[in-house]
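Accompanying notes for the structure given below.
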Amino acid sequence: MAGDPMRQNGQAGFTLIEGMLAAVILATGLLALAGMQAFSLGRNVDAKELTIVTNLAADMIERIRFNRLQAATYANIDTDVPTTCNAATMQVMALGDCTQWAALVNASNLPNVMGLVVVAPSGPAALSQTLVVVRINWTGAARGEGIVARNKTIAMSAIVGPE
């Protein structure tokens with residue numbers, strides 16, 4: 001039955017409806033992909049901010065660990081208050097660390113960034129241990145319309161003991 005005209009017309013190819021359905025499925029997939037791209041970009045911005053502040057906090061803790069015998073002189077460093085890095089009240093190395101760390105925090109390009117160092121005795125007095133808490137506050141980046149910038153905080157703590 002090679003000459004059957006009905007069979008040849010029924011197998012001719014895609015119809016207009018099939019082509020439109022394929023275009024709708026493709027468009028839906030592309031819209032979903034675009035949405036995931038925006039979400040991924042926002043999470044990358046968050047990760048970058050967290051990396052910056054974590055490195056800043058770890059930097060100050062390492063500075064205090066290196067100068068552990070003078071840990072108490074790092075108490076109440078506040079990057080929003082320039083007078084906390086005071087040559088009259090701080091040991092020389094702590095003053096340099098305070099000044100350099102405040103400059104690093106302010107140069108981080110994070111909106112409304114502020115660093116704070118709290119130092120307090122910890123544990124039995126015989127152990128001479130010190131609890132160091134470094135807290136950094138900043139305003140998270142606003143991404144697009146409808147997403148409000150939020151205040152964020154990270155705190156890192158360590159126990160510093162004598163040598």
Considering only the range 69-78, how many residues are surrounded by fewer than 14 Cβ atoms within 10 Å (Cβ to Cβ) and either without any contact (Cβ under 8 Å) to a residue 40 or more places away in the chain or β-branched (Val, Ile, Thr) (or both)? 0
Looking only at the range 112-129, count every residue that is exposed (fewer than 13 other Cβ atoms within 10 Å of the Cβ) and in contact with a strand residue (DSSP E or B) (Cβ under 9 Å, 6 or more places away or on another chain) and tell me the total. 3
Going residue by residue through the range 79-92, is there one that turns out to be open to solvent by 30 Å² or more (accessible area, probe 1.4 Å), in a helix (DSSP H, G or I), of a type in the set (Ser, Thr, Tyr) and touching a Ser or Thr at 6+ places or on another chain (Cβ under 9 Å)? no
Before we move on, is Ala27 in a helix (DSSP H, G or I) and surrounded by fewer than 16 Cβ atoms within 10 Å (Cβ to Cβ)? yes
Restricting the range 97-140 to residues that are touching a helix residue (DSSP H, G or I) at 6+ places or on another chain (Cβ under 7 Å) and in a strand (DSSP E or B), the one nearest to Glu163 (Cα to Cα) turns out to be Thr130
Return the only residue of Met20, Met90 being of a type outside the set (D, E, K, R) and either in contact (Cβ under 8 Å) with a residue 60 or more places away in the chain or more than 29 Å from Trp138 (Cβ to Cβ) (or both). Met20
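The values are calculated or read from the model by the stated rules, or taken from the named source; none is laboratory data. Quick caveat: nothing in here was measured; it's all calculated off a predicted structure. Every residue, glycine among them, receives a Cβ derived from its backbone with ideal geometry; neighbour counts consider all protein chains shown. Ligands, DNA and RNA are stripped out before the accessible areas are found, and what is left, the full protein with its side chains, is counted by its heavy atoms. Shrake-Rupley method; radii C 1.70, N 1.55, O 1.52, S 1.80 Å.
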